[in-house]
Amino acid sequence: MSIAKIQDDSKGFTLLELMVAVAVFVFVVLIGTGAFLTVLNAQRKASSLRVAQDNIRFTMEYMTKEIRMGTLYTCGGTEGVLGPQDCDFGSGKNYLTFRNDDGAVVVYKLSGGSSGRLQKSVGGSTYYVSSSESDLTFKSLTFYVTGTGNGAADQEQPKVTITAEVEADAGKTKSTFNLQTTVSQRSLDS
């Protein structure tokens, strides 16, 4: 009797090979899902920051357009007191009073004194200057006025320099932006 060689012609996967293949597939899917969620989260943050930057730009542009057309700038003062006054870079204030192109007295200041939301007062009516409710908080806002002197000795056009530190709430993250702009009076100084 001869011993016949038994040949196993079974084709297919063993249970162990199947488990390894499924584990590798699950691992790849989990890594892909994690990467997708990370990119999605980063895109949401970037979008929120872009909206916050747009709101900051809108707020500053709104304010500078009105200041550019105004006259009789003074750092400080109230709606009843108005007269040109320089407050140069050593003595800036956190509110600005001026007369706009319609002749109304305008005051820009922060709602909380030294920080808060930007407020505008015109003729006793006060409202917030922002394109949304609570996404912008001014940590500081300082106005510097130069060139308001009268007479032949004053050869400088009146101008207002605005510096601000603005905190933008972009969902779970807060970003701080430091801004500075200078606005000169459009009408010629007399």
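Does L72 count as touching a residue at least 24 places away in the same chain (Cβ under 8 Å), surrounded by fewer than 19 Cβ atoms within 10 Å (Cβ to Cβ) and part of a strand (DSSP E or B)? Criteria met by L72.
Each residue in the range 98-110 was checked for being over 18 Å from Y128 (Cβ atoms) and assigned to a strand (DSSP E or B), and 3 pass. Kindly indicate the residue of the range 1-37 that is surrounded by fewer than 10 Cβ atoms within 10 Å (Cβ to Cβ) and β-branched (V, I, T) and also modelled with the highest pLDDT among those meeting that condition. Taking the candidates together, the pick is T14. Of all residues in the range 158-190, those that are touching a residue at least 40 places away in the same chain (Cβ under 8 Å), among the charged types (D, E, K, R) and closer than 25 Å to T71 by Cα total 2.
Okay, residues lined up against (1) in a strand (DSSP E or B); (2) more than 21 Å from the chain's Cα centre (by Cα); (3) surrounded by 13 or more Cβ atoms within 10 Å (Cβ to Cβ):
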residue	(1), (2), (3)
V39	no, yes, no
A42	no, no, no
Q53	no, no, yes
I56	no, no, yes
E61	no, no, no
F89	no, yes, no
G112	no, no, no
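The values are calculated or read from the model by the stated rules, or taken from the named source; none is laboratory data. Here the structure is a predicted model, which is why all the values come from computation and not from measurement. Heads up, the Cβs are rebuilt from the backbone with ideal geometry, glycines too, and the neighbour counts pull from every protein chain shown.
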